[in-house]
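A quick write-up on the structure given underneath.
The numbers here are math on the coordinates, done by the rules we state, and not lab data. In this text the structure is predicted, and so the values were computed from the model without any measurement. Heads up, the Cβs are rebuilt from the backbone with ideal geometry, glycines too, and the neighbour counts pull from every protein chain shown.
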Amino acid sequence: MLPDGARVLLVLDRPEDLWDAAWHLLRVGYATPEGWLSGGMRAWRASAGAVETLAQLDVHELRGWVDADAVNVLDVRQPAEWAAGHIRGATFITGAELPPRLEEVPNHRPVAVVCSTGYRSTVAASLLAPHRPGRVVNVAGGMSAWTASGYPIESFAPPERGGVR
């Protein structure tokens, strides 16, 4: 998720990945990267570079927070995934819709961001975190881990073919 005109610096573990990464950026309309960090994050840490982290929460901890009404859950999955089952009381904003809708994310408690497995929610939580310092966590394992743990979900039946809901 990059704003238009963003200056890109790639972080790569292997120099041979540079061309593929640059080509993927060009294919979706971004300019050629301005540079790359040789040796990736391992090299950055070894040089004592500053590193920011995103808090992770497992579904068992999330269940306790949900039961205690101590968290706002933000579900960033796609509409069909949401309809198939979501955590009671969660706010639904797809990851793609999140940047212009940040103001719609409830702000009165910490926010736990969830997707299917934890990948999309990591991106969304990283986008939200600067706006809520210390109050955003990513749910590791996402809804896959939540349902595998047998925790409750709410779901909606899909609309009948040709019907409107």
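Data for the structure
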{"quantity": "The stretch 99-114 - phi-based ³J(HN,Hα) in whole Hz, Karplus 6.51/-1.76/1.60, Gly and Pro as x", "calculated": "x, x, 10, 3, 5, 7, 6, x, 10, 8, 8, x, 10, 9, 9, 10"}
{"quantity": "Highest-fluctuation residue, Ala124, Ala31, Ala148 considered, GNM on the chain with Cα pairs under 10 Å", "calculated": "Ala31"}
{"quantity": "Net lengthening on full extension, Asp17/Thr91 (0.36 nm per residue, minus Cα-Cα)", "calculated": "22.9 nm"}
{"quantity": "Dipole in debye (nearest 20) - the stretch 33-165, about Cα centre, beta carbon charges: Lys, Arg +1; Asp, Glu -1", "calculated": "140"}
{"quantity": "Shape call, the stretch 55-148: gyration tensor on alpha carbons, a/c limit 1.5", "calculated": "rounded"}
{"quantity": "Positive-end residue, the stretch 89-149 charge dipole about Cα centroid, Cβ charges, pick of Thr91, Pro110, Ser126", "calculated": "Pro110"}
{"quantity": "Other-chain or far-sequence residues with amide H under 5 Å of Gly85's (modelled H)", "calculated": "Phe156"}
{"quantity": "Coil-residue GluC sites (Glu not before Pro) of the stretch 41-142, DSSP, other Cβ within 10 Å capped at 11", "calculated": "Glu52"}
{"quantity": "Under 5 Å, built H, 5+ apart or other chain: amide partners of Val11", "calculated": "Leu37"}
{"quantity": "Where labels lie 7 Å past Cα in the beta-carbon direction, separation of His131 and Ser149 in nm", "calculated": "2.6"}
{"quantity": "Order of Ser116, Ser155 under a 10 Å beta carbon neighbour criterion, fewest first", "calculated": "Ser155, Ser116"}
{"quantity": "Magnitude of the charge dipole, the stretch 1-48, Cβ model with Lys/Arg +1 and Asp/Glu -1, debye to 20", "calculated": "160"}
